[in-house]
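Student: Have a look at the structure that comes next, please.
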Amino acid sequence: MSTNYEQLAKKLVARAKKMGAKQAEAFVQVGREASCRVRDGEIEHLTQSTSKGVGLRVIVKNRLGFSWTSDFEPSSLNAFVDRAVKLAESAAPNPLNGLPDERDLGAFPKIGSLYDPEVASLAPDWKIKAALEMEKAARALDSRIKTIESVEAGEQVGEVFLASSAGVTGYSQGTSVYLYTGAVAEADGQLQNSWWYDARRFLNDLETPEHVAREAARRAVRMLGAKKVKSQKVPVVFDPMMAASFIGGIAGAVNGDSVYKKASFLANKLGQTIAPSTVTIVDDGLMEKGLATSPFDGEGVPTRRSAIVEKGVLETFLYDAFTARKAKTRSTGNASRGYRSLPSIGTHNLYLEPGTRSPEELIKELPHGFYVTSMLGHGSNMVTGDYSRGATGLWIENGELTRPVQEVTVAGNLLDMLSRLDGIGSDLTFRGSVGAPTIRFNELTVSGE
Amino acid sequence: MSQAPLLAIPLVERLLAAAMERGAEFAEVYVERNENTAVTLDEHKVKSAQSGLSQGVGVRVIVGAKVGYAYSDDLDDEALFRAARTAAFIAAGGGSEQAYRVNRTPLPTFYRLADHLSDVDVGKKRDLIVRANKAAHAYDKRIKQVMASYADSTKRVLVANTQGHLAEDTQDLCRINVMAVAEGKKGERRTGSYGGGGRVAFSHFDTFTPELVAHEAARQACATLGARDATAGEQTVVLAPGWSGILLHEAVGHGLEADFIRKGTSLFAGKLGEKVASDLVTVIDDGTMATARGSLNVDDEGNPTQFKVLIERGILKGYMYDSLNAKLMGKQTTGSGRRESFKHTPLPRMTNTYLAPGEDTHDDIIRGVDGGIYCASFGGGQVDITNGNFVFEVNEAYEIKKGKLGKPLKGVTLIGVGPEALKNVSRVGNDPTPDPGMGTCGKDGQGVPVGVGLPTVRIDKMTVGGTRVAGGKR
């Protein structure tokens, strides 16, 4: 089965060359997924599916054409290749177009297995049982849990094949398995919902259904009675999930393309100190069992581990082959893609290295402050660094988490916020492919009444 | 219309029978073939021309509230029957050998193109963005960067179910988009973005020209150069007509979708007939507007879309139903079952959602505000449908002082709770305006095109996020 797709990719590349492409690259994704949702003790939704697709990138006279399809009928594939070659005519010639330079290619790193046979052969019964258990556990946590928005368990198995006229042949396969609970709590006419999930490559690493469910329910219940606070400047603490989303925002600003266009507030900060020395942000394509681990990136460049910020100093931007050529630098192996899209710059496993202090200590020191547990809106402008998001969480009084807060925004400027990081917790947690510990800002603006 | 069906009808009928083998109550076959084209421009160059084809079949089987779903992107008989039997597994019984027949449902037509977008030469699509790039740069010397894109899809769908319905539709959709970056003094950078399209023929861009789109994006970017920070806290806000309707979509619309109502996760659950908004508020969801981005001749369950009054003069009148939630709640579908593709099950969704006009003029509304903020163009937004919290970024905003527009403001974010904001609507303009056709709504990981619309609206006591606290310490 595997060799079929590899051969298919190579055949497409050969056909494209024959039709006049100077360079060509085929990226094939094949996968299957299954999931189960339950409601009120019964199965609500069972799905099971397989899918596949190929994206073909061609360079014809320095012009870029791209086409994708899920139709693998041999009779359609020649026309598919020809379409990509023909499309290139409509694009402008650009000498920077092309597959990765030879110097950026090479042997793929050893990354260990990303494939858990146990996940690949997970029985439907396991998912049904896990989902039922989550629903029961969430309801059991507190009588104020009014309804369960959704509980779901599922797995995915995927393979990637890449072949290019630059001589790259790549194959990788991986599994993932996840649990999700969304719970709604009610008191005094107010509804609050919250969710929790865990996703891992290997079944053994997954949090238990009971843990996922209880966490979702606990987070919903503690928000009951939430109110606005007065607008003010206070110390603000982000829980690990919100900290991860903050770090994800920072990573958007080290995108080499935005930097080249000066459309990033970090564009002129390379080599400079942008955060306290306690801050190290890493993008790791090699992380053992990482959800975003892969031996090669979306155009066949070997992946690596890069410190984006090391001890507060901005060390590198992230590049794919095209942008690297434009910026006269090397690809960092950060071309990210699916078969339906051209490569674009993205991160692998991204995280903020943990500090030494417990989250409790970080909170205990504050006479007052805001502990943020969930946010709304996209809220950050990569060009200016301006940041403003809707936030909910718990108010801190005398070092303790007290009453719940909603309908406020937290605002600042990302660069200023980085410099205001005065506490990093020891509790690094990954939710998906981005991870962070609890973080504390010495002062941000909270807008409410 | 004389095209052959996407899948032979006898095969569709046999798939329905296979899906019912274990004694389900209902089965449905959804067939889709979607051709996409996109061209992008960056740094003065047409970066790439792209095309894509996805096709597949989704089979849904329902027993009570239980749903089995499977899809296949292989269209050979073996793969399709495997999908049907996988979906059938949700039913516990067996031994049904009943045959099913389906008949075509005549459909209304809210869009029909003589020339499908997939047949338009890609060179013409490229020319649009080349013109847009030129126009944006020519608009103002301070425009330093322009990104432009054009994308379209021609999607053919076939939906058939065991109630005997068969519906087929061809859904064209296109959109042009321009983002401009302006640079002011001291390297200050502001962005503006604008775009539009709909279920329209390519000739739409003869009047909705790339120049018009580019000028608006460039104007926005330049307008906010030198803007100062907004003051945080509660303020009176006035929303510009048109795209600002996204606030209505987020703050109210999602909470009226039947799945959230049935599960009791929406704060609008159980409130039919109750006053949920100011008397000035009438909210409509209309899937039948000619050529609008959110319109559909038929929803993704094969039912005709409708004109629906959701809130009438402040009173909650109705929810939006797909067929499954309607059945479980003892209601009729409102033709609101939508899905992103054959890989997804239908959910109750909005189509084109707008606020009915009031009696005030735009100018009178502004004149009546002593101090506040005018929100000229919105960015993205998000809502928590359970507690009703919503948040919006405003790309272009101005202060209002003594009834007049003043200086530009930056970093304006609006946050509120849906019903409270609706109760604080104090003026509604007589200038109803649809958006230019640029919205995509996400729910459960599924994106579908939607339209929004709004006249000029004044909302009192809206929380504005920002970094400047009035009278606060710094």
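Student: Can you confirm whether region B:117-131 contains a residue that is surrounded by 12 or more Cβ atoms within 10 Å (Cβ to Cβ) and within 13 Å of B:Leu16 (Cα to Cα)?
Tutor: no
Student: Here is a further query. Looking at (1) closer than 18 Å to A:Val408 by Cβ; (2) within 11 Å of chain B (Cβ to nearest Cβ), which one does A:Gly189 not meet, given that it meets all the others?
Tutor: Of (1) closer than 18 Å to A:Val408 by Cβ; (2) within 11 Å of chain B (Cβ to nearest Cβ), only one is false for A:Gly189: (1).
Student: Evaluate region A:60-71: report whether one residue or more is at pLDDT below 95 and within 12 Å of chain B (Cβ to nearest Cβ).
Tutor: Yes.
Student: Can you name every residue in region B:414-453 that is at pLDDT 95 or above, within 14 Å of chain A (Cβ to nearest Cβ) and farther than 30 Å from B:Asp152 by Cα?
Tutor: B:Asn424
Student: Looking at (1) at pLDDT 95 or above; (2) crowded, with 21+ Cβ neighbours inside 10 Å, which one does A:Ala263 not meet, given that it meets all the others?
Tutor: The number of the failed condition is (1).
Student: Report yes if A:Phe27 is closer than 21 Å to B:Gln50 by Cα, surrounded by 21 or more Cβ atoms within 10 Å (Cβ to Cβ) and not hydroxyl-bearing (Ser, Thr, Tyr), otherwise no.
Tutor: yes
Student: Separate question: Given the options B:Glu312, B:Glu340, name the one that is in contact with a strand residue (DSSP E or B) (Cβ under 9 Å, 6 or more places away or on another chain), at pLDDT 95 or above, acidic (Asp, Glu) and closer than 27 Å to B:Asn424 by Cα.
Tutor: The conditions single out B:Glu312.
Student: Scanning for something modelled with pLDDT under 90, within 14 Å of chain A (Cβ to nearest Cβ), touching a strand residue (DSSP E or B) at 6+ places or on another chain (Cβ under 9 Å) and in a helix (DSSP H, G or I), does region B:390-404 turn up at least one residue?
Tutor: no
Student: Let me ask something else. Within region B:193-267, which helices (runs of 4 or more DSSP H) (wholly inside it) include 2 or more residues that are without any contact (Cβ under 8 Å) to a residue 60 or more places away in the chain and either surrounded by fewer than 20 Cβ atoms within 10 Å (Cβ to Cβ) or hydrophobic (A, V, I, L, M, F, W, C) (or both)?
Tutor: Here the list reads B:204-207.
Student: Does any residue in region A:342-370 that is among the basic types (Lys, Arg) come within less than 7 Å, Cβ to Cβ, of a residue that is at pLDDT 95 or above six or more places away or on a different chain, and which pairs are these?
Tutor: So the pair list comes out as A:Arg357/A:Gly423; A:Arg357/A:Gly425; A:Arg357/A:Ser426; A:Lys364/A:Gly399.
Student: Is it the case that region B:42-53 has a residue that's more than 8 Å from chain A (Cβ to nearest Cβ) and more than 30 Å from A:Leu46 (Cα to Cα)?
Tutor: Looking through region B:42-53, at least one residue is more than 8 Å from chain A (Cβ to nearest Cβ) and more than 30 Å from A:Leu46 (Cα to Cα).
Student: Might you let me know whether region B:429-452 holds any residue that is crowded, with 24+ Cβ neighbours inside 10 Å, more than 22 Å from B:Gly380 (Cβ to Cβ), assigned by TED's automatic domain parsing to the domain that holds B:Asp370 and touching an Asp or Glu at 6+ places or on another chain (Cβ under 9 Å)?
Tutor: Yes: one or more hits.
Student: Which one is farthest from B:Asn297 (Cα to Cα), of the residues in region B:99-130 that are touching an Asp or Glu at 6+ places or on another chain (Cβ under 9 Å) and of a type in the set (Phe, Trp, Tyr)?
Tutor: B:Tyr100
Student: Please work out if A:Ala34 is free of Cβ contacts under 8 Å to residues at least 60 places away in the same chain and not aromatic (Phe, Trp, Tyr).
Tutor: no
Student: Could you tell me which of the residues A:Ala335, A:Ala324 is more than 14 Å from chain B (Cβ to nearest Cβ), within 19 Å of the chain's Cα centre (by Cα) and either surrounded by fewer than 24 Cβ atoms within 10 Å (Cβ to Cβ) or within 30 Å of B:Leu41 (Cα to Cα) (or both)?
Tutor: A:Ala335
Student: Within region A:192-202, can you find the residues that are within 14 Å of another protein chain (Cβ to nearest Cβ), buried (at least 20 other Cβ atoms within 10 Å of the Cβ) and in contact with a Leu (Cβ under 7 Å, 6 or more places away or on another chain)?
Tutor: Within region A:192-202, A:Gln192, A:Ala199 qualify.
Student: Is at least one residue of region B:24-36 at the interface with chain A (Cβ under 8 Å from one of its Cβ atoms) and assigned to a strand (DSSP E or B)?
Tutor: No, region B:24-36 contains no residue that is at the interface with chain A (Cβ under 8 Å from one of its Cβ atoms) and assigned to a strand (DSSP E or B).
Student: Follow-up question, since we're still on this one. Looking only at region A:203-222, filter to residues that are in a helix (DSSP H, G or I) and among the aliphatic types (A, V, I, L, M); which one of those is surrounded by the fewest Cβ atoms within 10 Å (Cβ to Cβ)?
Tutor: Among residues in region A:203-222 that are in a helix (DSSP H, G or I) and among the aliphatic types (A, V, I, L, M), the one surrounded by the fewest Cβ atoms within 10 Å (Cβ to Cβ) is A:Leu203.
Student: From (1) in contact with a Gly (Cβ under 7 Å, 6 or more places away or on another chain); (2) at the interface with another protein chain (Cβ under 9 Å from one of its Cβ atoms); (3) of a type in the set (S, T, N, Q), pick out the condition that doesn't hold for B:Ser96.
Tutor: (2)
Student: So if I check each of B:Gly302, B:Gly270, which one is surrounded by fewer than 24 Cβ atoms within 10 Å (Cβ to Cβ), part of a loop (DSSP other than H, G, I, E, B) and either at pLDDT 95 or above or outside the structural domain of B:Val67 (by TED's automatic domain parsing) (or both)?
Tutor: Unique residue meeting the criteria: B:Gly270.
Student: Report, by residue number, each residue of region A:299-329 that is within 20 Å of A:Leu96 (Cα to Cα), of a type outside the set (Val, Ile, Thr) and touching a Phe, Trp or Tyr at 6+ places or on another chain (Cβ under 7 Å).
Tutor: A:Lys326, A:Ala327
Student: Okay, next question. Does region A:182-202 hold any residues that are in a strand (DSSP E or B), of a type in the set (Phe, Trp, Tyr) and touching a residue at least 24 places away in the same chain (Cβ under 8 Å), and which are they?
Tutor: A:Trp195, A:Tyr197
Student: Another question, then. A:Ala123 is checked against (1) in contact (Cβ under 8 Å) with a residue 60 or more places away in the chain; (2) within 14 Å of another protein chain (Cβ to nearest Cβ); (3) not aromatic (Phe, Trp, Tyr) and fails just one. What number does that condition carry?
Tutor: All conditions pass for A:Ala123, except number (1).
Student: Taking strands (runs of 3 or more DSSP E) that fall entirely within region A:339-449, which contain at least 2 residues that are crowded, with 22+ Cβ neighbours inside 10 Å, within 13 Å of chain B (Cβ to nearest Cβ) and touching a Cys at 6+ places or on another chain (Cβ under 7 Å)?
Tutor: none
Student: Do you know which residues across region B:68-87 are within 10 Å of chain A (Cβ to nearest Cβ), more than 32 Å from the chain's Cα centre (by Cα) and farther than 23 Å from A:Ile128 by Cα?
Tutor: B:Asp76, B:Ala79
Student: Between B:Ala160, B:Ala180, which is crowded, with 18+ Cβ neighbours inside 10 Å and under 24 Å from B:Pro5 (Cβ atoms)?
Tutor: Within the list B:Ala160, B:Ala180, the selection yields B:Ala160.
Student: Go through region B:54-67 and give me each residue that's assigned to a strand (DSSP E or B), surrounded by fewer than 22 Cβ atoms within 10 Å (Cβ to Cβ) and more than 7 Å from chain A (Cβ to nearest Cβ).
Tutor: Passing the criteria: only B:Val63.
Student: Follow-up question, since we're still on this one. For region B:362-379, state whether one or more residues are closer than 30 Å to B:Val181 by Cα, without any contact (Cβ under 8 Å) to a residue 60 or more places away in the chain, surrounded by fewer than 24 Cβ atoms within 10 Å (Cβ to Cβ) and at the interface with chain A (Cβ under 9 Å from one of its Cβ atoms).
Tutor: Yes: one or more hits.
The values are calculated or read from the model by the stated rules, or taken from the named source; none is laboratory data. These figures come from a predicted structure and were not determined experimentally. When we count neighbours, we look across all protein chains shown, and the Cβ atoms used for this are built from the backbone with ideal geometry, even at glycine.
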